[in-house]
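Peer 1: Input: one structure, supplied below.
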Amino acid sequence: MWPGATGHDYFAAFKRGASKVGLYLIIVDRYPDDLALASPALQARRTGRATFSFSTLDDELEVELGELLDRLMERYRAEHS
């Protein structure tokens with residue numbers, strides 16, 4: 001969470017389950033064009049408006065997820081500067 005942010009104004013959150021990890025990216029809702037650049041494999045992990053679910057993460061998906069997070073972090077920083 002950015003200093004001074006409140007409520008749902010955070011960049012990402014994780015929830016670890018018994019067989020999956022949930023990634024919550026509320027910011028992806030504000031920048032759908034960044035998500036549109038993602039492969040079908042990454043988009044298939046989207047289980048809700050801003051929720052992604054991972055039971056495994058291969059090398060390609062890891063790189064792609066990192067690229068998405070980098071793009072979104074740039075936007076998040078711009079919003080808070």
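Peer 1: Please report the Cα spread of the stretch 13-79 along all three principal axes, rounded to whole Å, starting with the longest.
Peer 2: 35, 22, 17
Peer 1: Only helical DSSP H runs with n ≥ 4 go in: add -39500 (n - 2.57) per run for the chain, normalise by residue count and round the 222 nm mean residue ellipticity to 500 deg cm²/dmol.
Peer 2: Values: 4 runs with 34 residues, N = 81.
Calculated at 222 nm, the ellipticity per residue is -11500 deg cm²/dmol.
Peer 1: Here is a further query. Quick one: net charge around R71, please, counting Lys, Arg +1 and Asp, Glu -1 for every other residue with C-beta under 10 Å from its C-beta.
Peer 2: Details: positive: R75; negative: D33, D34, E67, D70, E74.
Value of the local net charge: -4.
Peer 1: Could I ask something else about it? Report the local net charge at L35: Lys and Arg +1, Asp and Glu -1, summed over other residues whose C-beta lies under 13 Å from its C-beta.
Peer 2: Net local charge, L35 excluded: +1.
Peer 1: With +1 on each Lys and Arg Cβ and -1 on each Asp and Glu Cβ, how big is the dipole of the chain about its Cα centre, in debye rounded to the nearest 20?
Peer 2: Details: 10 positive and 13 negative charges, 99 e Å.
Rounded to the nearest 20 debye, it is 480 debye.
Peer 1: Can you tally the net charge around Y24? Count Lys and Arg as +1, Asp and Glu as -1, for every other residue whose Cβ sits under 10 Å from the Cβ of Y24. Please list the in-between numbers first.
Peer 2: Working: positive: K15, R49; negative: none.
Summing Lys/Arg as +1 and Asp/Glu as -1 gives +2.
Peer 1: Scan around T47 for amide H atoms under 5 Å from its own, H built in the peptide plane at 1.01 Å from N, and keep only partners 5 or more places away or cross-chain.
Peer 2: Answer set, sorted by chain and number: F52, S53.
Peer 1: Another question about this same structure. What is the extension gain from L61 to R46, computed as 0.36 nm multiplied by their sequence separation minus the C-alpha to C-alpha distance, in nm to one decimal?
Peer 2: Working: separation 15, 0.36 × 15 = 5.40 nm, distance 1.30 nm.
Answer, rounded to one decimal: 4.1 nm.
A short reminder: the numbers here are calculations on the coordinates, not readings from a lab. Only a predicted model underlies this, so the values are computations on that prediction, with no experimental measurement involved. Positions of Cβ are backbone-derived with ideal geometry, glycine not excepted, and every protein chain shown enters the neighbour counts.
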